[in-house]
Amino acid sequence: MDSFDRHILALLQEDGSRSLAEISEKIGLSQTPCWRRIQQLEQSGVIRKRVALLDSDKLNVGLTVFVSLKTNQHTPEWSESVQAFANSSSEIVEFYRLSGETDYLMKVLVPDMKAYDNFYQKLIRQAGFSDVSSSFAMEKMKYSTEVPLTYS
């Protein structure tokens, strides 16, 4: 990965709909080598996919909830069932297994408290959690999908 690749990635992270001509012009390469670099970044998996970022408020899912989960069950079968639940629940937009006191962390998007309570009821029926703790986002202080490129 060189400075051209990092510049391409920075431009695509800012706006994935940029044309090849615009990217080429901004990084100072002709279109063919620029296109080859983008293709290589896609084939190597550095660029996983290109998506549109949607406004959750305008789509009526403006309540962000961070759900911390603790469990006493750590079998592969239990983990697979929790993963299947997460994959089947569109409200869960991020899901992590953690070290430390909390075993799992979910980021959930719902329209309101009633919708969250419906989700919560499904969650607690899912599997044996020893503790479920919900934190509601009051204000979005920073939000980015851009991955830092300074370490590549």
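Under a 5 Å amide H cut-off, with hydrogens placed 1.01 Å from N, Gly62 pairs with nothing among residues at least 5 apart or on other chains. Taking the Cα centre of segment 110-152 as reference, the dipole from Cβ charges on Lys and Arg (+1) and Asp and Glu (-1) amounts to some 120 debye. What the Cβ-Cβ distance of Ser30 and Thr150 gives, at R0 = 35 Å and to the nearest 0.05, is a FRET efficiency of 0.85. Structural descriptor for segment 2-130: relative contact order 24 percent, calculated from alpha carbon pairs under 8 angstrom and at least 6 residues apart. Each residue of segment 14-29 was assigned a 3J(HN,Hα) from its phi angle through the Karplus expression (A = 6.51, B = -1.76, C = 1.60, θ = phi - 60°), giving 5, 7, x, 8, 4, 6, 4, 4, 5, 4, 4, 5, 5, 9, x, 10 Hz with x at Gly and Pro.
Cross-link partners for Lys122 among the lysines, with Cα-Cα distance under 24 Å and sequence neighbours closer than 8 places in the same chain left out: Lys70, Lys107, Lys114. In terms of the Cα gyration tensor, with a ≥ b ≥ c the square roots of its eigenvalues, is segment 52-116 rounded because a/c is under 1.5, prolate because a/b exceeds b/c, or oblate? Taking the square roots of the gyration eigenvalues as a ≥ b ≥ c, segment 52-116 is prolate. Placing unit charges on each Cβ (+1 for Lys and Arg, -1 for Asp and Glu) gives segment 11-114 a dipole about its Cα centre, and among Leu11, Gly62, Val82 the Cα reaching farthest toward its positive end belongs to Leu11.
Laboratory data are not the source of any read-out in this text; all were calculated from the coordinates shown. For clarity, every value in this text was computed on a predicted model and none was experimentally measured. Cβ sites come from the backbone with ideal geometry, for glycine too, and all protein chains shown count toward neighbours.
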